[in-house]
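S.K.: First the structure, which I've put down as structure tokens, then a few questions once you've had a look.
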Amino acid sequence: MAMETPREREIAAEDSIKVVCRFRPLNDSEEKAGSKFIVKFPSGGDENCISIGGKVYLFDKVFKPNATQDKVYNEAAKSIVTDVLAGYNGTIFAYGQTSSGKTHTMEGVIGDPNKQGIIPRIVNDIFNHIYGMEENLEFHIKVSYFEIYMDKIRDLLDVSKVNLSVHEDKNRVPFVKGATERFVSSPEEVFEVIEEGKSNRHIAVTNMNEHSSRSHSVFLINVKQENLENQKKLSGKLYLVDLAGSEKVSKTGAEGTVLDEAKNINKSLSALGNVISALADGNKTHIPYRDSKLTRILQESLGGNARTTIIICCSPASFNESETKSTLDFGKRAKTIKNVVCVNEELTAEEWKRRYEREKEKVARWKGKVDKLESELSRWRQGETVKPEEQVNLIEGPDVTTPITASVEGKLDDSPMPATPGGGLMIGSLSNEERQKLEEERERLYQQLDDKDEEINQQSQYVEKLKEQMEEQEELIASARRDYEQLQQEMNRIQQENESAKEEVKEVLQALEELAVNYDQKSQEVELKNKEQESMTEELLAKQVTLNNTASELQQLRDMSAHQRKRIAEMLANFLKDLGEIGVAIGGESNENLKIAPPESNGKLEEEFTVARLFISKMKSEVKNLVQRCQGLESFQVDCNKKVSEYEKDLAECRLLISQHEARMQTLTESMKEAETRKRALEEDVDALREECAKLKAAEQVQAVTNKEKAEEKEAATKMRVALEEQMDQLRDAHQKQVAALRDELSEKQELISELKDLNQKFTLAHQQMQADYERLKQEEANKSVKLQELMLLNERREQARKDLKGLEDTVAKELQTLHNLRKLFVQDLQTRIKKTINAEDNEDDGGSLAQKQKISFLENNLDQLTKVHKQLVRDNADLRCELPKLEKRLRATMERVKALETALRDAKEGAMRDRKRYQYEVDRIKEAVRQKNLARRGPSAQIAKPIRAGQHHLSNVNAIRTGNRGKE
Ligand code: ADP
Ligand code: MG
């Protein structure tokens, strides 16, 4: 455990608290809000001064916003490492409003070479120093980590320690009793411890930011060293404190906290302020360290034996001006505080002996002086005046350090007694005995206080444990309750479902019952009706037979009609074809649109009818057209006939003409023949004359030769010849003329003949043409008359078909009428029957005819209603019959659902029971575990010291520990 070191008062020296000020840069939100940078850093070498709103503050050092962590460490904290390793106590604490950079300065980002803060740098430096020191030094380093929240000290290395107390050791130095101390042998181990503490801190709170701004975190490094050669022991405690936000509670948003809590939150900070004010105001004798745990812990750091550095952290934003100013004021006040520092050294036996001798000497000297003073006093009391030369020199003391010691004691004290140099000797009014008594009393009271503190701590720890247990139990109970509630809800739900299902079933059952009753009634009625129906069915059967017959007839008729229809269709088709042909024949294109689709053999009659009618109407119009055309044609024919007769007449004339011409031709030929014959005769005459002429010539020649003498004769003959020749010429001329005339006539006649022949030819041709025309026309007429005949036939047939159809319709209508009549008869019959039965019943009861009639009418009405009702019932029955299977199905489904729900309910109950048992078992188990844990916790947990040897690197720490341990042994 802690090594108790008496303070070495002899080498104590006064030392001011060092106050440095650090401004952080404007943060994002401040920049966004347009806050101004209101701090001015006057230029100059020292960097220890700032001005804000015209007011100037002086500190040991001022860090501008751009100051690096390294710079802050080197200039504000580094020196503390050597101090601590030299056996001094040290304290660094950061003061300032929330988010002014306290944590950033103290902790930073551990592990980041640039951003890490003072704590990690110090830790690293301590170990580096140790590694560089003499080898005969052995170090024991232990760390503690706790936080103060609402004036309760919570151990961050052991979450069960939630309200540790502050005690004083025998040197009246306060310390946190029971705080977990971890021995560490390397920086990494320290960082692990810090991590552990931080994670514990996180676990314990819900809102870490709020929590950290309201709690002080204290990291304590305790360094002890022993010189293995001369057994000289030094120890140094280093407190590294990250204080809570210094702002007014209202600003941090503590509105939600209870008043009590709000009062407590800044209690320690205000106590700190009070302590510092009291210390700063040098005249105050009472320093209220005991007002809070924080001030108790920092008692040595403030006005005691410690090298203290306060880092005041500020925001430069105009928004935070007032807080910044109050922070700066705090720093200013703190700067005036003087500490008295000395090395904590544990003395060896020799040293003690030496000191003892010295003290003894001193006491002897004091005694001598006291004796002298007493003698002087007695002389004074006896009324003697002692000469100044004889007076004892009061200023000269045997020990110069005494007054300082006394002053330190005075400050350490909380006693209301003014502590002045000279101690008890100056308290004239109190005897030594009384003083001692008072001292003892005070000691006792402090002891009691500490004991009470201890008790409180134990109690609070116990309370905490109990609370933990309770929380666990409550959690268990809550979870159990939740489960129970869930189960209850489930059960309720199931029960509700069950209930609703039951209700549904009830409803369904009711409905079913009603239905059953209805059904019974209806079935009775139905039975009655059935009987009636049976009789009716019989009748119906008879009717059915007749109906069947009619149906067969109908069928036949239908067949017939179908046949007819077919025929009609055929006829129509033919007809239309004919019509088309007629149309074609007529050359009109009006019929072309009358294209008829072949009627569907199995199409509906009506449709066909309408189609046929349509066709017929069309045909009608067509026929009308045709008739008109026929008439036109007939007239045309008559015209033609007339023309033909005319032509015939012409022809006859022509023939006559031809015969005439022929006759003429004959005569002409005859005359020609005559002329020919005359010509021949003439030619013959000519020939004969030529012969005669020739003979005459020959005779002349003979005569000329023989009868030259006969010249006279010759002359005569010549004369005669000339005459003859003349005669002959005349004759020849006449003849020639005649021949020419005849020839002309002949040619004329020939021409005429050819002309006539041509004409004849023409006429014959024309005749032939006309004959052909006539023949053609005749043929056409014949065709047309044939077609007309056909059309008439078709028309007749159509007329016939129409008549047939009408007849068919009539028959069908008649059949229907008969059927209707039959039905009526049947109904009447039924009614009369019913009446009869009713009348028969009535007749039995009453004989009155009027009454009977009335009754009958009444009954008739009833019957009517009954029939209506019957019909309704039959319908209802049918509906119900339809409905019944559905309802049955629904009922079945409902039953099944109910069954399923019941099983589910049973299961749920069983599950709940099981769960309850399980939870009971769990609770028991956890209780047992908690009990075991508590038992285990109460057991001793020994801490193993891990000494480190100087001059060795921490990698060889294992060896160091071993050797260190051996060295200790
Ligand atoms: P506090 O502990 O005082 O409430 P923090 O140390 O948590 O404030 O700082 C608040 C924020 O400001 C942090 O995000 C921190 O990183 C940043 N910050 C503080 N000081 C500085 C600085 N000197 N330089 C840069 N950032 C800083
Ligand atoms: Mg912080």
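S.K.: Want the number for Gln789 to Lys697: 0.36 nm per residue separation, take away the alpha-carbon distance, what's left?
M.R.: Values: separation 92, 0.36 × 92 = 33.12 nm, distance 9.48 nm.
So the extension gain works out to 23.6 nm.
S.K.: Over 27 Å between Cα atoms: which of Lys55/Lys115; Lys618/Lys787; Lys18/Lys362; Lys78/Lys152; Lys806/Lys871 fall into that group?
M.R.: Check vs 27 Å cut-off fails for Lys55/Lys115; Lys18/Lys362; Lys78/Lys152; Lys806/Lys871.
S.K.: What's the local net charge at Leu528, with K and R +1, D and E -1, over the other residues with C-beta under 12 Å away?
M.R.: Numbers: positive: Lys522, Lys529, Lys531; negative: Glu525, Glu527, Glu532, Glu534.
Around Leu528, the charge tally is -1.
S.K.: For the pair Arg914 and Ala33, how long in nm is the line joining their label points, each one 7 Å along Cα→Cβ?
M.R.: Roughly 5.9 nm, to one decimal.
S.K.: Set the Förster distance to 45 Å, then compute FRET efficiency between Gln631 and Glu662 from the Cβ-Cβ distance, nearest 0.05.
M.R.: With R0 = 45 Å, the Cβ-Cβ based efficiency is 0.50.
S.K.: Between Glu454 and Arg365, how high is the FRET efficiency from 1/(1 + (r/R0)^6) when r is the Cβ-Cβ distance and R₀ = 30 Å? Nearest 0.05.
M.R.: 0.10
S.K.: For segment 268-338, compute Rh as the Kirkwood radius over C-alpha pairs and then the Stokes-Einstein diffusion coefficient at 4 °C and 1.567 mPa s; write the answer in µm²/s, rounded to an integer.
M.R.: Rounded, D is 101 µm²/s.
S.K.: Just to confirm, what accessible area per residue do you get for segment 428-514 at 1.4 Å probe, in whole Å²?
M.R.: Details: 6650 Å² over 87 residues.
Roughly 76 Å² per residue, with all protein chains present.
S.K.: Straight-line reach from Lys899: which lysines have Cα under 20 Å away, leaving out those fewer than 8 places along the same chain?
M.R.: Qualifying lysines at Cα under 20 Å: Lys502, Lys506, Lys886, Lys889, Lys909.
S.K.: Let me know the Rg and Dmax you get for segment 1-133 when you use only its Cα atoms, in Å.
M.R.: In order Rg, Dmax, the Cα atoms of segment 1-133 give 17.7, 57 Å.
S.K.: Can you compute the modelled spin-label distance between Gln486 and Glu47, with each label point 7 Å from Cα toward Cβ, in nm?
M.R.: Result for the modelled spin labels: 6.2 nm.
S.K.: Additional query: Longer than 30 Å from Cα to Cα, which of Lys522/Lys814; Lys335/Lys437; Lys762/Lys784; Lys232/Lys293; Lys177/Lys933; Lys36/Lys61 are they? Say none if no pair is.
M.R.: In this structure, Lys522/Lys814; Lys335/Lys437; Lys762/Lys784; Lys232/Lys293 exceed 30 Å between Cα atoms.
S.K.: Enter the mean projected area of the convex hull around the alpha-carbon atoms of segment 666-777, in nm², rounded to one decimal.
M.R.: Average of the hull's projected areas for segment 666-777 equals 8.7 nm².
S.K.: Let me ask you something else. Could you work out the pair-distance distribution P(r) of segment 715-810 from its alpha-carbon pairs, with 5 angstrom bin width and percents rounded to whole numbers?
M.R.: 4, 9, 7, 6, 7, 6, 6, 5, 5, 5, 5, 4, 4, 4, 4, 3, 3, 3, 2, 2, 2, 2, 1, 1, 1, 1, 0, 0
S.K.: In addition: At a 1.4 Å probe, what is the % contribution of carbon and sulfur to the accessible area of segment 121-161?
M.R.: 48 percent
S.K.: Per residue, how much accessible area does segment 633-694 show when a 1.4 Å probe rolls over the protein heavy atoms, in square angstrom? Numbers along the way, then the final one.
M.R.: Details: 4740 Å² over 62 residues.
Here the residues of segment 633-694 average 76 Å² of exposed surface.
S.K.: Beta carbons within 10 angstrom, averaged per residue: use that to sort the peptides 183-193, 80-90, highest first.
M.R.: 80-90, 183-193
S.K.: Return the long-range amide H neighbours of Thr308 (sequence gap of 5 or more, or a different chain), with a cut-off of under 5 Å between placed amide H atoms.
M.R.: Sorted by chain and number, the residues that satisfy this are Lys18, Thr91.
S.K.: Okay, moving on. Test of understanding: what is the full-extension gain from Lys353 to Leu466, defined as 0.36 nm times their sequence separation minus their Cα-Cα distance?
M.R.: The span from Lys353 to Leu466 would gain 35.5 nm if fully extended.
S.K.: Related question: What FRET efficiency comes out for the pair Glu646/Glu796, r = Cβ-Cβ distance, R0 = 30 Å, nearest 0.05?
M.R.: 0.20
S.K.: Let me ask something additional. What does the extension gain come out to for Asn207 and Lys835, with contour length at 0.36 nm per residue minus their alpha carbon separation?
M.R.: Contour length minus the Cα-Cα distance gives 216.2 nm.
S.K.: How many Å² of accessible area per residue for segment 151-243, probe 1.4 Å?
M.R.: 37 Å²
S.K.: Quick one: which of 196-206, 113-123 comes out on top by average Cβ neighbours within 10 Å, and what's the full order, highest first?
M.R.: In descending order of packing, they fall as 113-123, 196-206.
The values are calculated or read from the model by the stated rules, or taken from the named source; none is laboratory data. As the structure is a computational prediction, the values presented were derived from the model and not from experiment. Cβ coordinates were reconstructed from backbone atoms using ideal geometry, including for glycine residues, and neighbour counts include every protein chain displayed. The protein model used for the area step is the full one, side chains on, heavy atoms only, and it has no ligands, DNA or RNA in it. Shrake-Rupley method; radii C 1.70, N 1.55, O 1.52, S 1.80 Å.
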